[in-house]
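Here the structure comes first, spelled out in structure tokens, and everything after it is commentary.
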Amino acid sequence: MPFRIVSGDITKLHVDAIVNAANTSLLGGGGVDGAIHRAAGPRLLEECRGLHGCRTGEAKVTLGYDLPAKYVIHTVGPIWQGGRHGEEELLRSAYRNSLLLAFEKHCESVAFPMISAGVYGYPKEQALEVAVSTIRAFLEENEMDVILVIFDRESFRFDVRLYSELSGYIRNIYDDGKGPGNFLGDVARSVAFGGVSGSRRSLFSRSRKPKSSECARAVSEEPVEDAEMDEAVSLDDAPPMMNIKAEAMSCASMPGSTPGGLAEALANLDESFSQALLRMIDARGMKDSECYKKANIDRKLFSKIRSDVFYRPSKQTVLAFAVALELDLSETEEFLKKAGFALSHSNKADVIVEYFIENKNYDIYRINEALFAFDQNLLGA
Ligand code: APR
């Protein structure tokens, strides 16, 4: 998932780089600075001594030593002085310069604390807005997994007005008796086919008729071997979607297939999740990358979905794409059904997503801040 918010201790994260909210001396301190130096061991301080400090808004990199992270990117956020001394721009450049340094070091994953939101006194709600908007701008142009780490709940100040509106919305749903009593739950996953094993590339080849054995495999219950997908088609040369109907009809005409049996049922399959997704992307004239970035979905996962007509997404993935495609509530329900899910009024996360869709707010970063504020799983993958 390109952007996620997590609770925890940044020194424990197994990522390529963690960012330290340091001071200009780079010689350690309290807060996250102290925690990182303690966890990394004395060699970190030794290397820092050689860096001769760091200016506010800038960033420098060292090894991670005893930390699970390979690198530590030290940056210095602004001390809050009321907001009229360029604090916002300095905080933005602290995040931006740290991201650029992580990119230069070919990091695939980087974790940030809430820079300046502790000792330096930056108002927490504004600090969150600067962090999320700067990270989002970077991810629109680059591929990386970026994690914002919230060490204590105190540090996470979600939009107070929105939080109380959401709390009221959730309460109304329960008070109107649409809550747990109406538990719809997720429709039992009705995926009839597990997809195929073996090289799917051949299955999607443009003109070949399937051999009977391949046809049989096409409806096997064997789970999708995602590992086999990794070396599969990249986004650019992903073959056009397999025409299930034609494929199934050719199965139906196979010797030994019984009329009205499974093979014929295959000929009348509904459109799959993957097909519906690609159809709606095209219908909106969106580029693939525009859609999966708006959905907070990483490129590799999108490539798997694009090249596997039987792909089985998680509910969060379906909802993330529903947001990216700006579907209304009934379109979202239809889309969920294609993957065997339904919105449920006894699922707080569903109610929160429903609130944003009802209000036509399709900002997935905002939705994820709200989901995090209510301790729910985030959208994306
Ligand atoms: N993991 C993740 N986040 C943490 C951790 C941790 N182990 N410890 C603290 N934090 C969070 C705090 O809760 C806060 O939200 O890091 C955020 C930044 O707080 P500070 O560490 O106080 O950093 P900052 O506000 O930028 O002040 C920097 O404090 O520690 C000194 O040497 C540092 O002088 C510098 C100043």
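General observations
- Residue match in region 44-57 (condition: within 7 Å of the ligand (Cβ to nearest atom) and not hydrophobic (A, V, I, L, M, F, W, C)): no
- Entry remark, region 7-25: residues being more than 6 Å from the ligand (Cβ to nearest atom) and not in a helix (DSSP H, G or I) number 12 in total.
- All helices (runs of 4 or more DSSP H) inside region 267-381 with 3 or more residues being among the small types (G, A, S): 273-283, 315-324
- Residues being of a type outside the set (V, I, T), surrounded by 22 or more Cβ atoms within 10 Å (Cβ to Cβ) and either without any contact (Cβ under 8 Å) to a residue 12 or more places away in the chain or closer than 18 Å to E46 by Cα (or both) - total across region 65-103: 3
- For beta carbons closer than 9 Å, sequence separation of 6+ or different chains, a first residue in region 135-153 that is under 15 Å from E125 (Cα atoms) and a second that is more than 15 Å from the ligand (Cβ to nearest atom), the qualifying pairs are L148/F3; L148/I135.
- Leading residue by the ranking (nearest to F3 (Cα to Cα)) among those in region 290-309 that are touching a residue at least 40 places away in the same chain (Cβ under 8 Å), over 11 Å from the mean Cα position of the chain (by Cα) and surrounded by fewer than 21 Cβ atoms within 10 Å (Cβ to Cβ): K300
- With respect to being modelled with pLDDT of 95 or more, more than 19 Å from the chain's Cα centre (by Cα) and either more than 16 Å from the ligand (Cβ to nearest atom) or among the hydrophobic types (A, V, I, L, M, F, W, C) (or both), I115 fits the description.
- All positions within region 26-58 that are part of a helix (DSSP H, G or I), without any contact (Cβ under 8 Å) to a residue 40 or more places away in the chain and of a type in the set (V, I, T): I36
- Number of positions in region 34-43 that are surrounded by 21 or more Cβ atoms within 10 Å (Cβ to Cβ) and either of a type outside the set (A, V, I, L, M) or near the ligand (Cβ under 6 Å from one of its atoms) (or both): 1
- Flag if R157 is basic (K, R), assigned to a loop (DSSP other than H, G, I, E, B) and either more than 14 Å from the ligand (Cβ to nearest atom) or out of contact with any Cys (no Cβ under 7 Å at 6 or more places or on another chain) (or both): yes
The values are calculated or read from the model by the stated rules, or taken from the named source; none is laboratory data. As the structure is a computational prediction, the values presented were derived from the model and not from experiment. Methodologically, a virtual Cβ is constructed for each residue, glycine included, from the backbone with ideal geometry; neighbour enumeration extends over all protein chains shown.
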